[in-house]
């Protein structure tokens, strides 16, 4: 049985198809360099190098680890050396900022040699001097703000124009009088339904929204409770006598929220009689127990 010989221009190492680099040894460049380094063409396992912890920076007083081995510097001092040519922190020159060219203005320059205020004034009026408030410079629609756009409108009026705002005409939902709003409102807005702020406030009081808002605010501010939590406590009745919550809804019909006047912690709900009773006994369990013993006949009656 004859063995197939490898071509003369191919590395003599089995399983290597690279071209011969050194004809004298018939080896490719990879195996030839391996032979010169290790004395064999076989791949020897490499010994792991011990991991060396980086030492401290060579600058006195710096304990940061070395980041650049060639200079033995940390990242901060190496960047300072590249930028300034020295690891020492020198005095930084103060930046000189140009001020506005308008006399009496010490603001910094924003654009074209003037500050932001004078630059905006020049774009709006064509002059750096403040313009007096005249009928021509004010908005032709609201008359309370400066006109910014060429059609004589201020910024809010321009935005309302883009949303299709107009004066609202209708009948007041509170008093029934016909009215036309002085201000313009967009079609998608739900405002402008009343002829005056007084009618709007009266409508809030009539439908209970004002009272409900005050009630929620008081519960949250005084006791840290919501209206739902208070109603759940009242549905269980008085914590002492079991009296149910009043149906008429006035002040003395509802069960009162009882709390500790020292810590402020809510203890439960009580009817008016039980709440006043605890107040008369000064919320003292010893006095209440003495009253119980007195009623039970344990104490000797005074002659």
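The helices (runs of 4 or more DSSP H) found wholly in the range 57-164 include none carrying at least 2 residues that are modelled with pLDDT of 85 or more and under 30 Å from residue 181 (Cα atoms).
Determine, yes or no, whether residue 41 is surrounded by 11 or more Cβ atoms within 10 Å (Cβ to Cβ) and modelled with pLDDT under 90. Taking the combined requirement at face value, the residue satisfies it. The lone criterion from (1) in contact with a helix residue (DSSP H, G or I) (Cβ under 8 Å, 6 or more places away or on another chain); (2) modelled with pLDDT under 75; (3) surrounded by 16 or more Cβ atoms within 10 Å (Cβ to Cβ) left unmet by residue 204 is number (3).
Of all residues in the range 167-186, those satisfying the criterion of being within 22 Å of residue 143 (Cα to Cα) and either modelled with pLDDT of 75 or more or loosely packed, with under 13 Cβ neighbours inside 10 Å (or both) are 167, 169, 179, 180, 182.
The values are calculated or read from the model by the stated rules, or taken from the named source; none is laboratory data. Just so it is clear, the model here is predicted, and its values are computed rather than measured. FYI the Cβ positions are ideal-geometry reconstructions off the backbone, even for glycines, and counts take in every protein chain you see.
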